[in-house]
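Worksheet for the structure shown next.
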Amino acid sequence: MTWLRVLKAGCALAICGFGLTALAGEPSATEPERGVWQKHEYSFQFLGFTTTYSCDGLASKLKVLLIAAGARADAKSTSGGCVRGYGSPDQFARANLKFYTLAPSGNGEVADPPINGAWHSVAIADRSPREIAPGDCELIEQFRDKVLPMFTTRNIDNRMTCVPNQLSGSVINLKFEVFAGSAVKK
């Protein structure tokens, strides 16, 4: 009985050891790479059926989404020329976005200061980030289609289901990896 346990433990260690050596040659998903900031400016006009935003409310939600998606912390989202005044719901709410995303510096571009970037997992769902609610489903769909392509992303897992004019049945579930980073310490 003791030999059987020793044999099982030995086989398990051999398999685990083999698995670790096989993975050792592969680069880690979080190994830092050099990156370059890219500036983006976009006029985002929301058109949805379930939720109506004020222009400043739309700008606030979009800033949350920009930061959650990996934009640099100085991202700006300001209300755009809306027909109604501050705080009033507007069928054609608009926000002006100005933000930076990190892209790998593949062709010898050098950033000043140098930037290290890595791939980070992002999940946008109901209450993640906490400001996101079921009524934001159509907004996140439009963000995914219009703004997310400006980021360097991979492995997008889109399981969004938005039902117009009702909250029940709508599912916010968007996952992806984004190349994001911070300044390199000299």
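The values are calculated or read from the model by the stated rules, or taken from the named source; none is laboratory data. All of these numbers come straight from a predicted model, not from anything done at the bench. Positions of Cβ are generated from backbone atoms using ideal geometry, with glycine treated the same way; all protein chains shown enter the neighbour counts. What goes into the accessible areas is simple: the full protein's heavy atoms, side chains included, and nothing from ligands, DNA or RNA. Shrake-Rupley method; radii C 1.70, N 1.55, O 1.52, S 1.80 Å.
The solvent-accessible area of residue 53, taken with every protein chain present and a 1.4 Å probe, is close to 20 Å². In the assembled protein chains, residue 131 presents an accessible area of approximately 80 Å² (probe radius 1.4 Å). Largest to smallest in accessible area, the residues 77, 168 fall in the order 168, 77 (1.4 Å probe, all protein chains included).
Determine the dipole magnitude for segment 92-184: charges of +1 sit on the beta-carbon of Lys and Arg, -1 on that of Asp and Glu, nothing else is charged, the reference point is the Cα centre, and the result goes in debye to the nearest 20. Walk me through the intermediate numbers first.
Details: 9 positive and 10 negative charges, 22 e Å.
With only Lys, Arg, Asp and Glu charged at Cβ, the dipole is about 100 debye.
Largest first, the three principal axis extents of the alpha carbons in segment 137-186 are 53, 17, 16 Å in whole numbers.
When you work out D = kT/(6 pi eta Rh) for segment 89-168 at 4 °C and 1.567 mPa s, using the Kirkwood radius from C-alpha pairs as Rh and the Stokes-Einstein form, the result is 83 µm²/s. Rounded to the nearest 20 debye, the dipole size of segment 34-166 about its Cα centre is 120 debye, using +1 on the Cβ of Lys and Arg and -1 on the Cβ of Asp and Glu. The accessible-area ordering, largest first, of the residues 170, 43 stands as 43, 170, per a 1.4 angstrom probe. To the nearest 10, the accessible area of residue 63 is 80 Å² with a 1.4 Å probe. Annotated for segment 40-186: lysine pairs at least 8 residues apart or interchain, Cα distance under 24 Å, count 14.
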